[in-house]
1. Using a Gaussian network model of chain C whose springs link C-alpha atoms within less than 10 Å, name the residue from C:333, C:188, C:31 with the highest mean-square fluctuation.
2. Out of residues 5 or more away from residue A:213 or on other chains, whose amide H comes under 5 Å of its own, with H placed 1.01 Å from N in the peptide plane?
3. Compute, for the protein assembly as shown, the length of the dipole vector about the Cα centre, with Cβ point charges of +1 (Lys, Arg) and -1 (Asp, Glu) only. Units Debye, rounded to 20.
4. Return the equivalent ellipsoid semi-axes of the stretch C:65-148 as a descending list in whole Å, where each equals the square root of 5 times an eigenvalue of the C-alpha gyration tensor.
5. Using only Cα atoms, figure out Rg for the stretch A:197-279 and give it as a multiple of 2.2 N^0.38 Å.
6. At a probe radius of 1.4 Å, figure out the A/B buried accessible area, summed over both chains, and give it in Å² to the nearest 100.
7. Nearest 0.05, what FRET efficiency do residue A:39 and residue B:56 give at R0 = 56 Å with Cβ-Cβ as r?
8. Could you please tell me the mean projected area of the C-alpha convex hull for the stretch A:42-125, averaged over all directions and given in square nanometres to one decimal?
Amino acid sequence: MTRKILSGHGSGGKLMNDMIETLIKGTLGPDSIQLDDSALLTIGAETIAFTTDTFTITPLFFPGGDIGSLAVNGTVNDLAVMGAEPMYLSCGVIIEEGLDMEVFEKILKSMKAAADRAGVKIVTGDTKVVQKGNADKIFINTSGVGRITGRVQRAPVREGDKILISGCIGDHGIAVMAERNSLTFTKGLQSDCMALNSMIAHVTEAYPGSIRFMRDPTRGGVASVLNEIVKGQPFSAKLYENDCPLREEVKGVCEILGIDPLYAANEGKVVMIVSAEDAEGIRDRMRETPEGKDAAIIGEITGEYPGKAYMETPVGGERILPLLLDEQLPRIC
Amino acid sequence: MCLAIPMKIIKINGIRAIAENRGVEQEVNISLVPDIQTGEKVLIHAGFVIERIDEETAREIEEIWDEINADVLRGQQA
Amino acid sequence: MEKSDIRQMAARLKNFKLNEPARIMEVCGTHTTEFFKTGVKKLFPENLRLISGPGCPVCVTPNAYIDRIIEIGKVYRPIFATFGDMINIPASRSSLKKEKAEGLDVEIVYSPLVALDIAEKNPDREVVFLSVGFETTVPTEALTILEAKERNLKNFSLSPGNKLTPPAVKALLNSGETRIDGFILPGHVSAIIGVRGWRFIAEEYGMPCVVAGFEDRDLVAATLLMAQMIKNKKADILNAYTRVVKENGNERAQEVMDRVFCTGDAEWRGIGVIPESACEIREEFGEFDAFRKFPVTPPEPIEPKGCRCGEVLTGLISPTECGLFAKVCTPEHPVGPCMVSTEGSCAAHYKYGR
């Protein structure tokens, strides 16, 4: 059987990371490819952050967002977590012939509203239409550039640092999965899809030197981000399950479908590794913004299991948080 | 095979019912426990109610805990 | 039971004194996962080891079953509906996941009823539901067949792959010397078959066993009760999941199972054939048996040679003593059920080194 691209190669898990590391980075230039949320480039005296992301989500519209707002906010966040000030976005669309013009218009309006909210401009783009069946209604690629303001001086992660999340875990991934499996809600569960640049700026203004690392835990979720941080390092990332903020509805869906919220996608959260002494200050600073009102300190960097992420459970036991091979599927066992 | 979740029956019509847990609602089939009533706690597996959860006997497990406590303590000292 | 009580009880478990080493086995994939996920596995006291059983009905599905599904897919091009667990199960030369990338039509469902809806929405396509699961799931699949018959759905069928757990435990115990000292029994299978379904373990084999639930407090309680029985050399069966499991189980479910399925011999991956452990569709419902409805001759199955899961399961060897471990058999390319089960003994040993 010749090797084939599988759905898992796009899941944010090990299958994807291995392919990127070996095939893509190996072929396109190990010295030029920067494996981070955005690439940092120096042009003349300016340092800019440059990123790109493609969105293929179905359903196109879900509680709390749509493919348009997801595309804008996702790209703004990939710039913001690099400590950059997001400025300009591109918008490349691939549309399957037969899509209602009204649907396309609705998505564009949503993109414009999201861009205005985040204070960025969509300045360029491209439109392609493919034959029926060659795309699933519409795919959107957004690239973005932002200015590095020099406010955030990254320092290496070290033992004793604290792990912080800007709000409830798993909202987006679980809201979409509930929709797909026709689960409904008494009150509701929304995707957390939102731009984080103003919250991050609010935090970095007050604590420029105490943030070691930032990343938005999208595909693969919080657990995958922690695995990326500790991979090949002498330290480990320890979570405390009791401290992880989870909405009741997210727990409910995860129990029914047998999936783990720590691996579900978030589209409006940031994971930060910060110095121990400023952890509470940074958390409180986040809580001053609407995007960060549920921010929490959920763990710390330890030396117990080098290169691994793990978690202390409510009963006082421990479990390793491995990097999953590919995406989670509803299971019965 | 074994993943089953405690939920509460909030509405019944015929062999179908709506079960709720933590604010999440799911349509389920109640053929395996046909005498179930709204408000009862049930165990849901693969979209079916497979058994009712009997809160009375749940307290019985508290006795097991007490028995363990007493027994284990005796065991430890013995 | 507040959190403080659980931690107190967990400390009791951790400091429990057992005179000599003992091994207890759980025989349910969800217990394997929950012992791991709740961290209770790390609270086991000195001298007490937890062995993971054959895992779940998915992990013990042999290559031949998936080979047949793939062949049916090639010849008859139906829509397959399956629980997510089945996607990564290896076949002789491929898996459903790889075949999906080649165009096999596979829908992930969390209930067989959803498969019925797919059949209703696609009247011009055949829909085949991969019917797997132990006694917890079998009644739901039996009812799905009864509902399909009632709704007169001609384009719906099941590919029977269900298995029964007591025959598997009996086979493990009959396979001669086992270094197992007690069983933690699956709470949800027991909800269906009742405590009586397991009495043979204590009565015929003099082995202590505990019916356990799946929350952290249930696992700590069951393990403590088990440790006590081993220490006091008591061969009894205790029900630590009384809020759900009754002595006779769910008799309505047992009726429905018996009406639609009859028993037959089943092949278990890595263990071999276990008599009377398969659920086959009765003649009366033959029109819903996908294997009868879509005859195919799949290529010769390649069952992995050198797989010693049978001995890992009975505690005779540890994963590292199996020749395939971490060479031919890894989580990415699992061979036996102990590696296919994401938290099975070999998978856990490979990933966490213990």
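The values are calculated or read from the model by the stated rules, or taken from the named source; none is laboratory data. Small disclaimer: the values here were computed from a predicted structure and weren't measured. Every residue, glycine as well, gets a Cβ built from its backbone with ideal geometry; the counts of neighbours run over all protein chains shown. Just the protein is used for accessible areas: all its heavy atoms, side chains included, with ligands, DNA and RNA removed. Shrake-Rupley method; radii C 1.70, N 1.55, O 1.52, S 1.80 Å.
1. Between C:333, C:188, C:31, it is C:333 that shows the largest mean-square fluctuation.
2. Correct list: A:273.
3. Numbers: 86 positive and 108 negative charges, 243 e Å.
That gives the protein assembly as shown a dipole magnitude of about 1160 debye.
4. Values: eigenvalues 85, 52, 20 Å².
Semi-axes, largest first: 21, 16, 10 Å.
5. Details: Rg = 14.4 Å, N = 83, 2.2 N^0.38 = 11.8 Å.
Relative to the rule-of-thumb radius for its length, the stretch A:197-279 sits at 1.22.
6. Numbers: alone 16110 and 5880 Å², together 20690 Å².
Buried: approximately 1300 Å² between B and A.
7. Here the calculated transfer efficiency is 0.35.
8. Details: hull surface 25.1 nm².
So the Cα hull casts an average projection of 6.3 nm².
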